[in-house]
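The values are calculated or read from the model by the stated rules, or taken from the named source; none is laboratory data. Not measured: the values here are computed from a predicted model. No Cβ is skipped: glycine too gets one built from the backbone with ideal geometry, and neighbour counts run over all protein chains shown. Side chains are part of the model used for accessible areas, which takes the heavy atoms of the whole protein and leaves out ligands, DNA and RNA. Shrake-Rupley method; radii C 1.70, N 1.55, O 1.52, S 1.80 Å.
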Amino acid sequence: MNTAVRRVTSSVGTLLRVRCVSTSCVRPKDDFQDLIHPDGREPSIPRYVERDGEDADLKRARLVYQSRKRGMLENGLLLSTFAKKYLDTFDDTQLRLYDRLINLPSNDWDIFYWASGVKPTPSEFDNEVMDMLKKHVRNEDRQARIIQPDL
């Protein structure tokens with residue numbers, strides 16, 4: 001078996017040692033220490049800060065993008081089709097509620113479970129936009145939602 005040690009730079013510029021065996025490469029177990037938080041816990045997710053002074057068109061464009069680029073495909077499909085259907089009709093208050101809904105929870109599964117009714121929606125997200133999203137998720141008119149809408 002052909003074994004070699006290579007020095008590789010990661011996408012963030014960290015120097016990695018990689019042991020290549022045959023056609024596969026594996027990082028040595030001790031080399032993962034640079035990925036562990038110094039306190040021994042997972043790194044925290046930065047708190048979401050609402051953007052003041054953002055005009056409605058820019059906010060809509062950002063929310064369309066954020067609705068499409070989720071951590072999980074299910075939410076990407078649900079939120080992108082929801083955004084396509086409703087964002088152009090939202091007033092400033094509804095835009096702010098939707099912005100908070102898709103950006104404050106740190107776990108995409110929470111949004112999915114709330115929207116699908118698997119878990120109760122927390123009071124801070126239980127509003128008219130969430131009601132619209134829940135109705136959208138029920139898909140009473142049986143629309144095919146297997147791809148994200150065109151931009």
crowded, with 18+ Cβ neighbours inside 10 Å, in contact with a Lys or Arg (Cβ under 9 Å, 6 or more places away or on another chain) and charged (D, E, K, R): is that true of residue 99 in this structure?
yes
For the stretch 128-151, give me each residue that is surrounded by fewer than 17 Cβ atoms within 10 Å (Cβ to Cβ) and without any contact (Cβ under 8 Å) to a residue 40 or more places away in the chain.
128, 131, 134, 135, 138, 139, 140, 141, 142, 144, 150
So which pairs qualify, if the first residue must be in the stretch 111-126 and under 16 Å from residue 74 (Cα atoms), the second must be open to solvent by 20 Å² or more (accessible area, probe 1.4 Å) and β-branched (Val, Ile, Thr), the Cβ gap must be under 7 Å, and the two must be at least 6 apart or on different chains?
114/121; 115/137; 116/137
Looking at 3, 9, which is the one that is open to solvent by 50 Å² or more (accessible area, probe 1.4 Å), out of contact with any Lys or Arg (no Cβ under 8 Å at 6 or more places or on another chain), at pLDDT below 55 and over 30 Å from residue 129 (Cβ atoms)?
9
Every listed condition ((1) surrounded by fewer than 19 Cβ atoms within 10 Å (Cβ to Cβ); (2) part of a helix (DSSP H, G or I); (3) not charged (D, E, K, R)) holds for residue 120 save (2)
